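Visitor: Mind looking over this structure? Questions follow.
The values are calculated or read from the model by the stated rules, or taken from the named source; none is laboratory data. What you are looking at is a predicted structure, and each value in this text was computed from that prediction instead of being measured. Neighbour counts run over all protein chains shown; Cβ positions are idealised from the backbone, glycine included.
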Amino acid sequence: MTAESLSRPVDPLSEAELKESSRKVGLLAFLSSVVMLFATFTAAFLVRRTGTDWKPLEMPEIMWISTWLLIGSSVTIEISRVTGRKMGLLVTLGLGLAFLFCQVKALSEMGGFSGALAENPHFSFIFVLLLVHALHLLGGIGGLFLTSLSSSRFGWVVTYWHFMGLVWIYVLVLLFLS
Amino acid sequence: MSHSHEPTTFLSKYVFSFDHKVIGIQYLITALFMAVIGGLLALTIRYQLAWPSENVVSAESYLSLVTMHGTIMVFFVISMGLVSGFGNLLIPLHVGARDMAYPFLNMLSYWVMVPACLLMIGSFFVEGGAAAAGWTAYPPLSALKDAVPGSGMGQTLWLLAMALFIVSFTMGSLNYLTTILNERTRGMSMMKLPLLTWTFLISAIIGILAFPALTAAAVMLLFDRHAGTSFFLPAGMYFEGTGVLPNMGGTPLLFQHLFWFLGHPEVYVLVLPALGITFEIIAAFGRRSPFGYRTTVYSLLCVAFLSMIVWGHHMFTSGMDPRIGEYFSIVTVMITVPFSVIGLNLIGSLWQARIRAETPMLFALGVISAMGMGGLGGLYLGTATSDMYFHDSYFVVGHFHLTIGTVTFLALFGGIYHWFPKFIGRKTNELLGKTHFWLTIIPMFAMFLLMHLQGMGGIHRRYYDVTQYSYPNASAMALMPWISYLAFALFAGQLVFAFNVIWSIFRGEKSSENPWGATTLEWTAPSPAPHGNWPDKVPVVHRDPYDYGSDGVWAQNVENAEGQA
C-alpha cells in the first residue's frame, strides 16, 4: 500500500467526525446557493433601478432597531456556543422573532401588500428581499428550536445564523445605502 | 452503522425509503413515466405539424403542448432520470459509501419531486389549460394572467411545480456533492473517482450555483402576476377591453437574462452525466482505460466554468448591444475547446480497444456520434452572425434535440442496460436491446437532422400551422409529414424497451456480481446490491478506476495480483 493510494484526506475518520465534516461541506454548499440567490436579486435590482419610474425611498427608522436586534442575536448565539449553554439559543430565538416582527412592521408602515407594492419599484424590491430573507431566517429559527431541544452539539445553526445576519446587512446596504 | 438498521415494513422499504438505491429506482421510474407523457405530447405536436388542416388541437392548446413537452423533458425526465436517478443509484457505490451523506434529505427530495410532477400534470386539467409561455416562461406571456388561456392558473401551477422541482433538485445536489467530497472510502482520492462520479460532482456544483437564479426570477414573476409589480413588465402594454396596463419601467429582457443564467448551465447539468455514463460504458466494453483521464477531468471543470458565462447566446436577437453579443459569441465558441478534448478522449478511448458490441456499448457509441453531430450545429448557433438567421427556426429545434435530447436519452438507455444487472440482479435481453437501439437511433438522427434542413429552409418553431406562410422553402415544408412518421416510429420502438425491461425483471438471465468484467467499485457489491451496499466491510481502494492492464483486469479494490479471482 503506497502513500499515494491513501491520499483520501483524513483517514480513517470516526463516524461522528465524518458526520460533523459532512455537515460542514453540505452547509457550505447550501450557503453558496443562498449567495447566488441574493446575487441574482442584486443583479435584478441594479438593472431595474436604471428604469425611468424609479423613485428611491428612505429607510424606515424601525429598520435600525431590527438591524441591532439581529446583531444582538448573533452576539447571544456566540455566547451560547462558547459557554455551551443552550439557554442562549432561546434568547437568540426571541431576538430573531423580534427582528421578524420589526420587519413586518417596517413593511406595513411603507404600504404593505397594497397599491404601494405595485406603484413603487423600489418598494417592490424591498418587499421581495425582506420576504426572502425572512423566509431564510425562519429556517434558522426552526433550527434554533430543534437544537435547543436536542442533546447534540450546536451543529449548523450557529454558522447559519451569523450568515443570515450578514445577508441582512448586505440587503440593507444594497437597498438603501448603495 | 446505518446499514445495520435494515427497514422491514413495506412503507419504509419501498415508499419512504432512505436507501439511495431504492430512491434512485423511484426517480428512474418516475422519470420514465414522465417520459411517456412527454413523448405523447410530442406525438400530438408532430400530428398537428404534419396535418395542420385536421386541427387535432386548438392553437392555444398547441402552445401548451410545446411548453409542457419542453418542461417535462428537460426537468422531469432528463434531470430527474440522469442526475437524480443514476446519481442516487451510483454515487455511494462509486465512492465506496454505504449510503448518501444525508439519507433523510434524500428521501425528502424525492417526495418533494412527486408533488412537483403531480402539479405539472394536473395543470393540463385546470381552466385555460397548462402553461403556454414556452418552457422558458418568458414574460409578458407568463406574467400577465390574461395574456393567453394558459397564462392563468396553468402558469401559476407551472411556477409552483418548478419551485418544488428546484427545492428537490437542490437537496439532491447538496447530497451528491457532500457524498462525493466527504464519504469516499479509504484510498479513494479524487483522481481515482470514476469519471461518471466526476460529472455528477460537477453537475451538482452547477446546479447549486445556477438554479437560485431561476428561483429569484420565479419569485419576482409571481409578484408580477399576483401583486401587480413591474419587475419584468414594461410600460404601455395594451389589452383589448382593459386598455393600457398600469405597469411601468420593467423589462422582460431581465427575465430572459435570469432564466438563461440557469438555462444554459442546466444543459450541462444534463449532458455531463450523459458523457460520464458513456465513459463508464466504453471502458467496460472497450476493455481499456479511457484515454486522458486527467485532461477529461480538467476539461469538465473548464466546461462547467464556461457554461456559467455564456447564457447570452440564447438572446442574440433580443436587441442586445453587438459588443455584448460578440463577447457571448467568443466565450460560447471557446467551449468547443474543452468539449473537443472530451470528445476526442471519448473517440481516443476506442483506439486499440477490444470492443464488445453489446447493447450498452451501442448506446454509448450512439452518444459519441450524437454529440459530435449535434455540436456541429452549435457552431452556427453560437456565432451571433449566423444565429440571427437561425434563431427560433427548426435549426435550433433540431440542434437542441440532437444534443440535450438524443445524447441524454441514448445515455439514459445505455445506463439502464448497463446497470440493470447490478440493481435488478438479472440481465436484459440482448436481442431486444439491440433492436431497441436501432429503432431508437435511426429515427432520432433522421428526425433531428432533417429539422436542421427545415430550419435552413426558413421554417419557424412554435408555429401552429406553418402552411399558412408562403416564405418557407417548399421542399423543407414537404419534410413535415416524414419527420412525423419518424417520430411515431421512434415512439413505437420504445415499446421494445418497455417489454424488455419488464420481461427481464422477472425472466431475465440471472447476473453475477460483475457481468461485464468492469473495474469500478459498484461491481464488487453483490447483484442486486443489498441494503448498505456491501454485506461486510466497505472496499478499500488501491487502484485507478479503469485498470484494464495488459496483464489482466483489476477492480479498484484489488491490492495485488494475487488478490484477483
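Visitor: I'd like to verify a number: residues in the stretch A:19-70 that are among the hydrophobic types (A, V, I, L, M, F, W, C), more than 27 Å from A:Phe99 (Cα to Cα) and over 19 Å from the mean Cα position of the chain (by Cα), how many? Spell out the reasoning first.
Guide: Step one: of the stretch A:19-70, the residues among the hydrophobic types (A, V, I, L, M, F, W, C) are A:25, A:27-31, A:34-39, A:41, A:43-47, A:54, A:57, A:59, A:62-65, A:68-70.
The next check asks that each one be more than 27 Å from A:Phe99 (Cα to Cα); those that pass are A:25, A:47, A:54.
Those still in the list that are over 19 Å from the mean Cα position of the chain (by Cα) too: A:47, A:54.
Final tally of qualifying residues: 2.
Visitor: Any idea which residue in the stretch B:231-279 is farthest from the chain's Cα centre (by Cα), counting only those that are at pLDDT 90 or above and of a type in the set (S, T, N, Q)?
Guide: Here the answer is B:Thr251.
Visitor: Give me a count of the residues in the stretch A:144-173 that are farther than 15 Å from A:Glu78 by Cα and assigned to a helix (DSSP H, G or I).
Guide: 10
Visitor: With respect to B:Phe200, determine if the residue is surrounded by 24 or more Cβ atoms within 10 Å (Cβ to Cβ) and assigned to a loop (DSSP other than H, G, I, E, B). Reasoning before the result, please.
Guide: Values: surrounded by 24 or more Cβ atoms within 10 Å (Cβ to Cβ): yes; assigned to a loop (DSSP other than H, G, I, E, B): no.
Criteria not met by B:Phe200.
Visitor: Of the residues A:Thr52, A:Thr40, only one is farther than 30 Å from B:Thr178 by Cα, within 14 Å of chain B (Cβ to nearest Cβ) and of a type in the set (Ser, Thr, Tyr); which? Step through it out loud before you land on a result.
Guide: On the way: A:Thr40 fails: farther than 30 Å from B:Thr178 by Cα.
Within the list A:Thr52, A:Thr40, the selection yields A:Thr52.
Visitor: Consider B:Ala143 carefully, then state whether it is touching a helix residue (DSSP H, G or I) at 6+ places or on another chain (Cβ under 9 Å) and not in a helix (DSSP H, G or I). Working first, answer last.
Guide: Values: touching a helix residue (DSSP H, G or I) at 6+ places or on another chain (Cβ under 9 Å): yes; not in a helix (DSSP H, G or I): yes.
It is true that B:Ala143 is touching a helix residue (DSSP H, G or I) at 6+ places or on another chain (Cβ under 9 Å) and not in a helix (DSSP H, G or I).
Visitor: Return the residues of the stretch B:272-297 that are in a helix (DSSP H, G or I) and without any contact (Cβ under 8 Å) to a residue 60 or more places away in the chain; say none if nothing qualifies. Before the answer, list the steps.
Guide: As a first pass, look at the stretch B:272-297 and keep what is in a helix (DSSP H, G or I): B:272-286, B:293-297.
Selection gives B:Thr295 alone.
Visitor: Only one of (1) of a type outside the set (Phe, Trp, Tyr); (2) without any contact (Cβ under 8 Å) to a residue 40 or more places away in the chain; (3) within 14 Å of chain B (Cβ to nearest Cβ) is not met by A:Thr83, so which one is it?
Guide: (3)
Visitor: Which of (1) within 7 Å of chain B (Cβ to nearest Cβ); (2) part of a helix (DSSP H, G or I); (3) modelled with pLDDT under 85 is the odd one out, the single condition A:Arg8 does not satisfy?
Guide: Unmet condition: (2).
Visitor: Would you point out the residue of the stretch A:129-175, among those that are of a type in the set (Gly, Ala, Ser) and touching a residue at least 24 places away in the same chain (Cβ under 8 Å), that is nearest to A:Arg49 (Cα to Cα)? Break it down into steps so the answer makes sense when it comes.
Guide: Taking the stretch A:129-175 as the starting set, the residues that turn out to be of a type in the set (Gly, Ala, Ser) are A:134, A:139-140, A:142-143, A:148, A:150-152, A:155, A:165.
Next, from what is left, pick out any that are touching a residue at least 24 places away in the same chain (Cβ under 8 Å): A:134, A:140, A:148, A:155, A:165.
Numbers: A:Ala134: 23, A:Gly140: 31, A:Ser148: 42, A:Gly155: 40, A:Gly165: 25 Å.
Among those that are of a type in the set (Gly, Ala, Ser) and touching a residue at least 24 places away in the same chain (Cβ under 8 Å), it is A:Ala134.
Visitor: Residues to consider are B:Ala555, B:Ala529, B:Ala561, B:Ala498; find the one that is at pLDDT below 95 and surrounded by fewer than 15 Cβ atoms within 10 Å (Cβ to Cβ).
Guide: Numbers: B:Ala555 fails: surrounded by fewer than 15 Cβ atoms within 10 Å (Cβ to Cβ); B:Ala529 fails: surrounded by fewer than 15 Cβ atoms within 10 Å (Cβ to Cβ); B:Ala498 fails: at pLDDT below 95.
The unique qualifying residue is B:Ala561.
Visitor: Does the stretch A:92-133 hold any residues that are farther than 15 Å from B:His226 by Cα and in a loop (DSSP other than H, G, I, E, B), and which are they?
Guide: Listed by number, the residues that qualify are A:Met110, A:Gly111, A:Asn120.
Visitor: Among the residues of the stretch A:106-124, what is the count of those that are closer than 15 Å to A:Met59 by Cα and of a type outside the set (D, E, K, R)?
Guide: Taking the stretch A:106-124 and keeping what is closer than 15 Å to A:Met59 by Cα, we get A:106-112, A:120-124.
Then keep just the ones that are of a type outside the set (D, E, K, R); that gives A:106-108, A:110-112, A:120-124.
Residues meeting the conditions: 11.
Visitor: Which members of the stretch B:61-76 meet the condition of being more than 10 Å from B:Leu41 (Cβ to Cβ) and in contact with a Leu (Cβ under 8 Å, 6 or more places away or on another chain)?
Guide: Residue satisfying the conditions is B:Val74 alone.
Visitor: While we're looking at this one, here's another question. Quick one: which residue in B:Leu177, B:Leu253 is more than 7 Å from chain A (Cβ to nearest Cβ) and in contact (Cβ under 8 Å) with a residue 12 or more places away in the chain?
Guide: On the way: B:Leu177 fails: more than 7 Å from chain A (Cβ to nearest Cβ).
None of the others qualify; the one that does is B:Leu253.
Visitor: For the stretch B:479-491, how many residues are closer than 24 Å to B:Leu381 by Cα and without any contact (Cβ under 8 Å) to a residue 40 or more places away in the chain?
Guide: The qualifying residues number 1.
Visitor: I'd like the full set of residues that are crowded, with 19+ Cβ neighbours inside 10 Å and polar (S, T, N, Q), limited to the stretch B:12-35.
Guide: B:Ser17, B:Gln26, B:Thr30
Visitor: Out of everything in the stretch B:546-562 that is closer than 23 Å to B:Asn88 by Cβ and within 13 Å of chain A (Cβ to nearest Cβ), what residue ends up being nearest to the chain's Cα centre (by Cα)?
Guide: Ranking the candidates gives B:Gln556 first.
Visitor: Take A:Glu15 and decide whether it is surrounded by fewer than 14 Cβ atoms within 10 Å (Cβ to Cβ) and within 10 Å of chain B (Cβ to nearest Cβ).
Guide: Working: surrounded by fewer than 14 Cβ atoms within 10 Å (Cβ to Cβ): yes; within 10 Å of chain B (Cβ to nearest Cβ): yes.
When the stated conditions are applied, A:Glu15 passes them.
Visitor: Taking the stretch B:238-249 as the search range and keeping residues that are surrounded by 17 or more Cβ atoms within 10 Å (Cβ to Cβ) and more than 7 Å from every other protein chain (Cβ to nearest Cβ), which one is farthest from B:Met315 (Cα to Cα)?
Guide: B:Leu245
Visitor: What number of residues within the stretch B:205-231 are closer than 16 Å to B:Phe165 by Cα and within 8 Å of chain A (Cβ to nearest Cβ)?
Guide: The qualifying residues number 10.
Visitor: Same structure again: Under 24 Å from A:Leu131 (Cβ atoms), in contact with an Asp or Glu (Cβ under 7 Å, 6 or more places away or on another chain) and part of a helix (DSSP H, G or I), is that true of B:Ala210? Working first, answer last.
Guide: Numbers: under 24 Å from A:Leu131 (Cβ atoms): yes; in contact with an Asp or Glu (Cβ under 7 Å, 6 or more places away or on another chain): yes; part of a helix (DSSP H, G or I): yes.
Considered against the rule, which asks whether it is under 24 Å from A:Leu131 (Cβ atoms), in contact with an Asp or Glu (Cβ under 7 Å, 6 or more places away or on another chain) and part of a helix (DSSP H, G or I), B:Ala210 comes out as yes.
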